[in-house]
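Have a look at the structure below before the remarks.
The values are calculated or read from the model by the stated rules, or taken from the named source; none is laboratory data. Since the model is a prediction, treat every value here as computed from it, not as a measurement. Heads up, the Cβs are rebuilt from the backbone with ideal geometry, glycines too, and the neighbour counts pull from every protein chain shown.
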Amino acid sequence: MTRLLRYNSAAPGLRWVGLTHGPEVPRALLYQPPISPDYARLGDHEIVERVTAHKRALGDRLVILCHHYQQDDVYRFADFTGDSLKLSQIASAQKKAEFVVFCGVHFMAETADVLTDDSVKVILPDLSAGCSMADMADLDQVEEAWDFLTADCDDAIIPITYVNSAANIKAFCGAHGGACCTSSNAPLVLKWALQRGEKVLFLPDQHLGRNTACAMGHPLDSMVVYDPAEPDGGLTREQAATARFILWKGHCSVHQLFTAKQCDAIKSAEPDRTILVHPECNRDVVQRADLVGSTEFIIKTVTKAPPDSKWAIGTEVHLIDRLAKTQTDKDIRSLATIQCLCTTMYRVSPQHLLWVLDELAAGRVVNQIKVPTDVRRWSVVALERMLDNVSSEPVAIASTNTPV
Ligand code: 13P
Ligand code: SF4
């Protein structure tokens with residue numbers, strides 16, 4: 001593992017401290033210390049009692065945030081639940097809390113740290129809860145791509161990063177006139193970007209970038225994919241110069257598991273079952289789906305649907321299971337026949353949650369996620385631009401299925 005201290009000449013004063021690692025080792029796995037084996041021996045009843053007692057004792061000083069993909073055994077302790085956008089808004093609204101325990105993944109905890117006051121300590125119960133998509137865009141690679149794309153290019157390029165990215169990538173975007181987006185407001189942020197420049201570099205999820213730009217009416221041939229593993233991203237100068245959207249070659253390992261074949265099988269066996277997918281899915285899945293939208297859009301759409309309606313949903317399994325369990329008047333199942341599980345989010349266990357609370361009760365803050373000051377300075381710019389471009393309701397990325 002190499003420690004990096006970086007200076008960015010395009011944005012004087014911007015220095016990053018980051019960590020690099022071999023591609024085969026998830027970044028955060030390197031950090032999590034083992035917790036006492038005693039936690040594994042605790043019964044569920046005892047865990048519930050002890051977490052509840054800590055919550056009572058800490059009162060307003062503690063806020064527990066949970067992403068919708070979190071397992072139920074952790075989710076039940078949440079003070080607030082949400083998707084990435086909603087949790088960012090909730091985090092930024094915390095004025096009384098001293099400790100925010102974030103039951104999500106690393107980039108979400110970083111975002112909460114950036115959006116809360118300096119006095120708030122953000123804690124991730126298991127540091128191995130990373131995100132494979134966020135790890136697909138490394139600052140070195142992004143800077144290299146930027147040098148290639150901006151050389152001999154008169155067009156203004158606006159870098160946009162999905163919130164599922166490391167804080168230093170957000171800082172890069174903030175420092176270069178760009179912004180963050182989430183799947184709930186990607187169309188609004190892309191519109192914002194295209195009012196400011198001719199081209200967009202979209203990081204790190206090619207699918208969210210492509211699906212959003214297509215839904216806004218941009219043709220596929222206005223987009224190219226930049227592969228950081230290839231020299232010059234695998235692009236010729238001409239391809240880079242003529243493209244309107246440069247999509248980073250990244251993806252979500254969970255949403256990648258949904259396929260066009262699964263959609264076709266459902267459409268032929270059960271034409272009355274509505275296919276509803278997250279925009280992190282591949283283009284051919286999104287084209288076959290009836291509805292496409294963020295986590296919060298999925299929840300709202302299914303919740304408002306009539307009783308007896310039938311759904312095949314393409315997103316993380318814990319959310320689908322929860323919808324099926326809580327909305328028993330509807331027939332809700334996963335689009336896939338295999339379990340599409342976010343294994344990194346799943347690392348946040350009730351035992352790890354209890355451990356961080358036990359430590360807080362003993363006066364020790366463990367697993368604090370602290371974004372370095374200079375990274376924070378520019379990532380807050382990108383995040384504030386994201387929060388300035390929010391609609392009152394989560395929007396569909398595409399409201400009807402488009403011809404394949
Ligand atoms: P949203 O929470 O923005 O829908 O994103 C889904 C996801 O993959 C979270 O990591
Ligand atoms: Fe990352 Fe995908 Fe898990 Fe979201 S679901 S945290 S994008 S790996």
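Brief remarks follow.
- Test: residue in segment 328-339 that is within 14 Å of ligand 1 (Cβ to nearest atom) and closer than 19 Å to C263 by Cα: no
- Single unsatisfied condition, A28 versus (1) surrounded by fewer than 16 Cβ atoms within 10 Å (Cβ to Cβ); (2) modelled with pLDDT under 90; (3) not β-branched (V, I, T): (1)
- Pairing residues of segment 220-238 that are among the aromatic types (F, W, Y) with residues that are crowded, with 18+ Cβ neighbours inside 10 Å, at Cβ distances under 6 Å and at least 6 apart in sequence or on separate chains, gives Y226/A145; Y226/G233; Y226/I246; Y226/W248.
- Just one of the listed residues (L354, L383) is buried (at least 21 other Cβ atoms within 10 Å of the Cβ), more than 14 Å from ligand 1 (Cβ to nearest atom) and outside any strand (DSSP E or B), and it is L354.
- Residues satisfying the stated conditions in segment 95-108, i.e. of a type in the set (V, I, T) and away from ligand 1 (no atom under 16 Å from the Cβ): V100, V101
- Residue in segment 180-189 that is at pLDDT 95 or above and more than 14 Å from ligand 1 (Cβ to nearest atom) present: no
- A single entry from D155, D138, D147 fulfils the requirement of being free of Cβ contacts under 8 Å to residues at least 12 places away in the same chain and either farther than 30 Å from L360 by Cβ or hydrophobic (A, V, I, L, M, F, W, C) (or both): D147.
- The lone exception for T373 - which of (1) farther than 20 Å from V51 by Cβ; (2) within 20 Å of the chain's Cα centre (by Cα) it fails: (2)
- Segment 95-145: number of residues that are hydroxyl-bearing (S, T, Y) and more than 20 Å from V356 (Cβ to Cβ): 1
- Residue pairs meeting the criteria (Cβ under 6 Å; at least 6 apart or on separate chains; first farther than 19 Å from G130 by Cα and of a type in the set (A, V, I, L, M), in segment 332-343; second within 13 Å of ligand 2 (Cβ to nearest atom) and in a loop (DSSP other than H, G, I, E, B)): L335/F258; A336/F258
- Set side by side, the residues F172, F202 differ, and just one is at pLDDT 95 or above, in contact with a helix residue (DSSP H, G or I) (Cβ under 7 Å, 6 or more places away or on another chain), away from ligand 2 (no atom under 16 Å from the Cβ) and not aliphatic (A, V, I, L, M), which is F172.
- Qualifying positions in segment 235-261 - among the charged types (D, E, K, R) and more than 16 Å from ligand 2 (Cβ to nearest atom): R237, E238, R244, K261
- Restricting segment 216-261 to residues that are touching a strand residue (DSSP E or B) at 6+ places or on another chain (Cβ under 8 Å) and assigned to a helix (DSSP H, G or I), the residue that is nearest to ligand 1 (Cβ to nearest atom): H255
- Among the conditions (1) of a type in the set (A, V, I, L, M); (2) more than 19 Å from E280 (Cα to Cα); (3) touching a strand residue (DSSP E or B) at 6+ places or on another chain (Cβ under 8 Å), the only one that A396 does not satisfy is (2).
- Note on segment 95-153: residues that are away from ligand 2 (no atom under 16 Å from the Cβ) and not charged (D, E, K, R) total 21.
- Hey, P307 farther than 23 Å from Y75 by Cα and more than 16 Å from ligand 2 (Cβ to nearest atom) or not: yes
- From the list S92, S84, the lone residue that is in the same structural domain as E359 (by TED's automatic domain parsing), in contact (Cβ under 8 Å) with a residue 40 or more places away in the chain, within 15 Å of ligand 1 (Cβ to nearest atom) and not hydrophobic (A, V, I, L, M, F, W, C) is S84.
- Residues that are in contact with a helix residue (DSSP H, G or I) (Cβ under 8 Å, 6 or more places away or on another chain), among the β-branched types (V, I, T) and under 20 Å from P372 (Cβ atoms) number at least 1 in the following helices (runs of 4 or more DSSP H) confined to segment 44-118: 106-115.
- Residue match in segment 323-340 (condition: assigned to a loop (DSSP other than H, G, I, E, B), surrounded by 16 or more Cβ atoms within 10 Å (Cβ to Cβ) and modelled with pLDDT under 95): yes
- Residue count for segment 262-288 under the criterion of being assigned to a helix (DSSP H, G or I), out of contact with any Pro (no Cβ under 8 Å at 6 or more places or on another chain) and away from ligand 2 (no atom under 16 Å from the Cβ): the result is 11.
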